[in-house]
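Peer 1: Can you keep this structure in mind? I'll have questions shortly.
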Amino acid sequence: MDYSDYEPLNVTEEVEKSMIRKWMMVLVVCVFAASLLGFSSCAKKQVKADEAAKPAEVRQAAPAAPPSDDADRQRRLAELEKQQKLQAEIRAFESENIFFDFDKSELKPASRAVLEKKAGWLRANPQYKLRIEGHCDERGTVEYNLALGERRAKAAMKYLSAVGISADRMSTVSYGEERPADPAKNEAAWAKNRRDEFKLAR
Amino acid sequence: MMNLRSPLISKTWKTFSAVLLVGLIAVFHLFRADPASARIYIDINAPSVQRLKIAIPDFKNFSERGENPDLATRLPSVLSNDLDLSGFFAPMDKSAFLADTQGQASLEETRFRDWSVIGTDLLVKAGYTCIGQSLEVEVRLYDILSARQLLGKRFLGRVDEQRTLMHRVGNEIIYLLTGNKGMFLSKITFVGTGTGNKEIYIADYDGQNEKQLTSDKTIALLPRWSPQGDMICFNSYKDGSPMLYLKELLSGKVRRISDRQGLNAGGSWAPDGKSLALGMTHGDNLDIFNIDLTGKILKRLTNHSGINVSATYSPDGSRFAFVSNRSGTPQIYIKDMAEDREERITFQGNYNTSPSWSRLNRIAFCGSYEGNFDIFTVDPDGRNLRKLTDGQGDNEEPSWSPDGRYIVFSSNREGGYHLYIMNANGQNQRRITFMKGQQTSPSWSPF
């Protein structure tokens, strides 16, 4: 057995960790800002390349013409549309849960189809990481439900891993019976609450 | 009869009780106890107890300027509630009292016939004196049938700690009449939702004096009191996923001790208080590990596919009960660590979880046989299964009192979940928390 990845934390390490976390945040923000800048400069380069590719006489016909406002707007709109499409995809991805039977963590056939779809999206968007949240209905005891929620999250993770999504991109968290989707006390609500939720992060 | 001065009782407790006895609050014997009073009035090991009728009239105010007149009824009500919750006494209705208690000049004079005619077994007469914040209570306990005084003592304390003082009086009466230590000074830790979030609280065993212990504004779960009473381990989502933390009660310091990816479930204290058994994610499974108080893994305790959680140690620490779903449904198993053997002990119903192993070697757990969830007890070999709650909503998460004679649990019998205590045989079920929100996951402190 290898427990080398499991080191006890002491207080100084905790402090260091939180410092590291802070700097990581700063770094992430910087990288994000840089990537935005990079993106816009790429777009500009693209424009220049396009111009260079145009026949010489066209360039001569309008040597000092600035890039047309119209084309620029088109490009911005296209970009916006792309972003909106991505956001819609993320919303669709995150809003589709999978469901379980009482006291069970086995995937149902319908859940496999949902996970296949998610795997496809994850393959197409390798920059995204996935957090799988396992939930239970309110019946039963708190600690067992925590364990059951973890098993449910792990079941989805195992499936995604088997169809080629790297385990490094995925993590699990169990909420047990702590975060019901529907607080009502009936079978319809319980069925909605026995679920895995899927959260994306870059 | 169980000898409570067993080696199980920690040194810490001995020191603590010695300090308690000698220091801070002095207790004066007014009279040497009558030799006859050494007789055991209550056999607490009997399967069911005939409750003794005890009369506790209002306490007399001996304070010079009559300060704190409200204590005349407040002090006896704390004692009356203790004795009632103990299950050994039936406090009598004051309206039945014939003797004009206000008219009597002294505590020594007692018209025994006035008490025996209304069926009184025992009588507590007491008076109090306040000087500033100091409070002195003089208590006399009479056996009405034999017309004898069994106890005469003065207790010193503070007005603002009057409940603690009265719990000491209650413990004294329990010790005198049963020969066993009372648990009225013990406490309970639990999860409360009063703030809108799940936070850890502590309160006296009777649900009073509640204090909020965490303010993480997220989900805190499964608090467990250490056997020495100095720490509480609990789970919290404050760092994003369920991890295990340790709170030192004296310093208030909180340390994170298990933060493995996935689930770090509830901790269970080893009897020596030096390590914990913890269910956590390991590969694809959830297994139980023994960790020290810095979080270092000392030993893997289970190695089986599926769920293995909710360990609870036997009093001698050689075995533990836990929950596993290896049979397809959650059931209680016992692991003998020396023999490395695991045995299933629950076979009825398809949902048996939350085991708690008592000092008297009974295992309480939460089971579901006919829809609702109820509290059961069973011997560690699976024999003598007994259902303690019945037909009153869901009853979950039992935890034993330090003497193994009471169980605290959560129940939704009155709507939301609140805490209740009952005798080990299920008699005398009483609600103890009346705070805002819901209260769940109780864990009883040591003595």
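Peer 1: Rounded, prolate or oblate: pick one for the range B:218-291, where a ≥ b ≥ c are the square roots of the eigenvalues of its C-alpha gyration tensor, a/c under 1.5 means rounded, and failing that, prolate if a/b is larger than b/c, else oblate. Show your work: numbers first, answer last.
Peer 2: Numbers: a/c = 2.44, a/b = 1.31, b/c = 1.86.
Because a/c hits 1.5 or more and a/b fails to exceed b/c, the range B:218-291 counts as oblate.
Peer 1: Which ³J(HN,Hα) values, rounded to whole Hz and listed in residue order, are derived for the range B:370-375 from phi using the Karplus coefficients 6.51, -1.76 and 1.60 in 6.51 cos²θ - 1.76 cosθ + 1.60 with θ = phi - 60°, glycine and proline given as x?
Peer 2: Along the range B:370-375, the couplings run 10, x, 6, 9, 9, 8 Hz.
Peer 1: Quantify how strongly other chains surround peptide B:384-396 by giving the mean number of their Cβ atoms within 10 Å of each of its Cβ atoms. Before the final figure, lay out each step's value.
Peer 2: Numbers: counts 0, 0, 0, 0, 0, 0, 0, 0, 0, 0, 4, 0, 4.
Average per residue, whole number: 1.
Peer 1: Using a 10 Å cut-off on Cβ to Cβ distances, tally the other chain neighbours for every residue of A:169-179 and report the average as a whole number. Walk me through the numbers before you get to the answer.
Peer 2: Values: counts 0, 0, 4, 5, 7, 7, 4, 6, 0, 6, 2.
Whole-number average of other-chain Cβ neighbours for A:169-179 is 4.
Peer 1: Return the long-range amide H neighbours of B:GLN438 (sequence gap of 5 or more, or a different chain), with a cut-off of under 5 Å between placed amide H atoms.
Peer 2: HN-HN under 5 Å from B:GLN438: B:THR193, B:GLY194.
Peer 1: Work out from phi, with θ = phi - 60° and the Karplus expression 6.51 cos²θ - 1.76 cosθ + 1.60, the ³J(HN,Hα) of each residue of the range B:405-416, listed in order in whole Hz, and give x for Gly and Pro.
Peer 2: Running phi through 6.51 cos²θ - 1.76 cosθ + 1.60 with θ = phi - 60° gives 10, 9, 10, 9, 8, 9, 9, 9, 4, 10, x, x Hz.
Peer 1: Read phi for every residue in the range B:237-245 and hand back ³J(HN,Hα) as whole Hz from Karplus 6.51 cos²θ - 1.76 cosθ + 1.60, θ = phi - 60°, with x for Gly and Pro.
Peer 2: Listing the rounded values in order: 9, 5, 9, x, 9, x, 10, 9, 10 Hz.
Peer 1: Once amide H atoms are placed 1.01 Å from N in the peptide plane, what residues at a sequence separation of 5 or more from B:LEU213, or on another chain, have their amide H within under 5 Å of its amide H?
Peer 2: Under 5 Å from the amide H of B:LEU213 lie the amide H atoms of B:ILE200, B:TYR201, B:ILE202, each far enough along the sequence or on another chain.
Peer 1: Where the centroid of each part is defined by its Cα atoms, how far is the range A:182-202 from the range B:181-226 in Å?
Peer 2: Between the Cα centre of the range A:182-202 and that of the range B:181-226, the gap is 28 Å.
Peer 1: Can I ask one more? For the range B:306-408, just say rounded, prolate or oblate: build the C-alpha gyration tensor, square-root its eigenvalues into a ≥ b ≥ c, call rounded for a/c under 1.5, and beyond that prolate if a/b exceeds b/c, oblate if not. Intermediate results must be reported in sequence, preceding the final value.
Peer 2: Numbers: a/c = 1.96, a/b = 1.17, b/c = 1.68.
Oblate shape, in that a/c is at least 1.5 and b/c is the bigger or equal ratio.
Peer 1: Also, I was wondering about something else. Name the residue, out of B:LYS387, B:LYS217, B:LYS153, whose mean-square fluctuation peaks in a Gaussian network model built on chain B with Cα pairs under 10 Å.
Peer 2: Result: B:LYS217 has the largest fluctuation of those listed.
Peer 1: Follow-up question, since we're still on this one. Using amide H atoms built 1.01 Å from N in the peptide plane, name the residues 5+ places from B:LYS53, or on other chains, whose amide H lies under 5 Å from its own.
Peer 2: B:ALA90, B:ASP121, B:LEU122
Peer 1: Would you kindly state how much longer the chain becomes between B:ASP292 and B:LYS211 on full extension, computed as 0.36 nm times their sequence separation minus their alpha carbon distance, in nm to one decimal? Don't jump to the answer; show the numbers that get you there.
Peer 2: Numbers: separation 81, 0.36 × 81 = 29.16 nm, distance 2.77 nm.
Gain on stretching B:ASP292 to B:LYS211: 26.4 nm.
Peer 1: Return the distance in nm (one decimal) between the two label points of a simple spin-label model at B:SER116 and A:LYS129, each offset 7 Å from Cα along Cα→Cβ.
Peer 2: Between B:SER116 and A:LYS129, the label points sit 8.1 nm apart.
Peer 1: I'd like the FRET efficiency for A:SER68 and A:LYS117, computed as 1/(1 + (r/R0)^6) with the beta carbon distance as r and R0 of 30 Å, rounded to 0.05. Walk me through the numbers before you get to the answer.
Peer 2: Numbers: r = 40 Å, r/R0 = 1.35.
For R0 = 30 Å, the calculated efficiency reads 0.15.
A short reminder: the numbers here are calculations on the coordinates, not readings from a lab. Computed from a predicted model, the values in this text were never measured in an experiment. Note: ideal-geometry Cβ built from the backbone for every residue, glycine included; neighbour counts use all protein chains shown.
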